[in-house]
Structures are given as C-alpha cells and as structure tokens.
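See below for the structure under consideration.
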Number of protein chains: 2
Amino acid sequence: MHSINPIGIIHSELKRLEDCPKQENEGAPAATVEIYPAFAEAAKDIKPGDRIILLTWLHQSKRDTMVTRPRDNKNAKLTGVFSTRSPDRPNPIGLHISVVHSVKDNILKVAEIEVLDGTPVIDIKPYLER
Amino acid sequence: MHSINPIGIIHSELKRLEDCPKQENEGAPAATVEIYPAFAEAAKDIKPGDRIILLTWLHQSKRDTMVTRPRDNKNAKLTGVFSTRSPDRPNPIGLHISVVHSVKDNILKVAEIEVLDGTPVIDIKPYLER
C-alpha cells in the first residue's frame, strides 16, 4: 500500500457524474487546475501551449469493479476494466491529455477535459509524441 | 491522502537504477507483468497485440524533489518536475506505453519498457490514438 497526496484540484463546470461525457471529444468543457502552493515550484516551467498529461484521482469511483460494460452500453459484453477507460477500477487514476491555455501564479487554464469539479490532481507530465 | 494498492509487479532484467536507460527507445529490455490473482478478472480481455498504458509506482523515487536537471545533465537548467518525466516527483507514478506480446494466465509479456525489476504496477489502460 502506497499513499497518494493530491498536488492540486480541478475546477470545472462538470458538477455531477451524470454531466460527464464519456470521452473528452464529446463536448467536455475547459477546466482550471489549481496547483497547491506546496507544489508550485514543480509546476514553474509549465507554459501556455504545453501539451500535458494530467493524472487525477477519480474520487467518486468504485474500486471493487473488475468488469464493466464499456460506455454503460447494456448490449456490450462485460469487459475487464484494464481494457477500458472506466473510472471504476482498483486504483481509480484518471489520465487526461490536454493543452495549457494560460498560467497565472498557481492556476492553469487547460483545454477541455472530462473531469468532475473537485477532482484531486495527483501528477502532471509533459505529453511527448511517440 | 489516498491509498494505492499494487495490482501486479514488473519482472525485468533492469535490476538497478543505474541500469535504466533514460527513455524507452534507448535500449530497454522486454518485460513481464505479473497480475496478482485478485485482479486477474480485470485483465481478462488483454490480448497479444494490444497497445497499453502501464502505470507503475516508482518505489525508489524521491518524493520531495520539486526541480531537477532533465536527464541528469549538469548543464541543463533546474526544471520543475511536472515539466519532466523524472521519476523523482511528489507522486512517483510511472507512465509507460507498451505492446502486449503474449498472455498466459496472469502473466503478460510486453515490449521494452524502462522499469526496474520489482516495480509495482498500479493500473493498466488501453492506449488510444488521439
């Protein structure tokens, strides 16, 4: 068992799970990433235009879900969650690719991501094309 | 504070930090992902040829590192870790893109990744092209 400490928090218009689109490209809104002061130095080189990977802690997820029907489609077959992007999974880490629109102090405005308001941010990495 | 429970472990020829290349494309070896039995059902649909994202817990990392010189280059400027892929970061989550070569029971053989032997695996996601 390891411990995760949030390094920031997401502010978004998505206030409830029911508001969330199933994929980022289906109409999610732009969001704000507030970096907590203790971690501001680690974010000091993030600039507008940077493509980033945000890792979040999907705090409303079920951690005992091992299989799911993708996209809540009742006709889909039960699929192991490691083959899906379901938020319900043993360690509910969200992975979101975004672009930084602006940076002011410890506040990043980023392009549309499918993340609920109040979701903890646990890491930010540069997005490197493969 | 949230708790992470490993869902598996990496077996690799990379036994020591000094053995690790700085990026996957610089000669890392193929590796084996052992999924723990409690999570085998979540991995049941992973098949040879699948492109996956492995999230690992970089257990030998320093968590109080906020700035680093990329690739240990003494001439590089001190850069906030959220703009680097340094394993030293507040929540030391490793993100590795790989391909599944074979699956036998709860053992996945995967293409070359830069991960130390014994590293905990915390999540597996499908890699979706953007």
Test result for residue B:80, crowded, with 16+ Cβ neighbours inside 10 Å and of a type outside the set (Phe, Trp, Tyr): yes
Matching option when the condition is farther than 30 Å from residue A:79 by Cβ and either at the interface with chain A (Cβ under 9 Å from one of its Cβ atoms) or touching a Ser or Thr at 6+ places or on another chain (Cβ under 7 Å) (or both), among B:84, B:119: B:84
Residue in region A:1-12 that is within 27 Å of residue B:51 (Cα to Cα), in contact (Cβ under 8 Å) with a residue 40 or more places away in the chain and either away from chain B (no Cβ under 11 Å) or over 12 Å from the mean Cα position of the chain (by Cα) (or both) present: yes
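Okay, residues lined up against (1) over 19 Å from the mean Cα position of the chain (by Cα); (2) hydroxyl-bearing (Ser, Thr, Tyr); (3) buried (at least 21 other Cβ atoms within 10 Å of the Cβ):
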| position | (1), (2), (3) |
| --- | --- |
| A:54 | no, no, yes |
| A:60 | no, no, no |
| A:64 | yes, no, no |
| A:73 | yes, no, no |
| A:95 | no, no, no |
Selection status of residue B:105, more than 18 Å from the chain's Cα centre (by Cα) and among the acidic types (Asp, Glu): yes
Cβ pairs under 6 Å, 6+ apart, first in region A:40-52 and within 7 Å of another protein chain (Cβ to nearest Cβ) and under 11 Å from residue A:103 (Cβ atoms), second polar (S, T, N, Q) and surrounded by fewer than 19 Cβ atoms within 10 Å (Cβ to Cβ): A:45/B:79
Residue count, region B:66-122 (criterion: without any contact (Cβ under 8 Å) to a residue 40 or more places away in the chain, among the hydrophobic types (A, V, I, L, M, F, W, C) and more than 23 Å from residue B:4 (Cβ to Cβ)): 3
Residue list for region A:104-130, filter: in a strand (DSSP E or B), surrounded by fewer than 20 Cβ atoms within 10 Å (Cβ to Cβ) and in contact with an Asp or Glu (Cβ under 9 Å, 6 or more places away or on another chain): A:107, A:126
Tally of residues being at pLDDT 95 or above and not aliphatic (A, V, I, L, M) across region B:62-84: 10
Scan of region B:75-93 for residues that are under 17 Å from the mean Cα position of the chain (by Cα) and basic (Lys, Arg), ordered by number: B:85, B:89
Residues being touching a strand residue (DSSP E or B) at 6+ places or on another chain (Cβ under 6 Å) and closer than 20 Å to residue A:38 by Cα - total across region B:89-101: 2
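The values are calculated or read from the model by the stated rules, or taken from the named source; none is laboratory data. Every value quoted in this text rests on a predicted model; they were computed, and no experiment measured them. Counting neighbours? That spans all protein chains shown, and the Cβs are built from the backbone with ideal geometry, glycine included.
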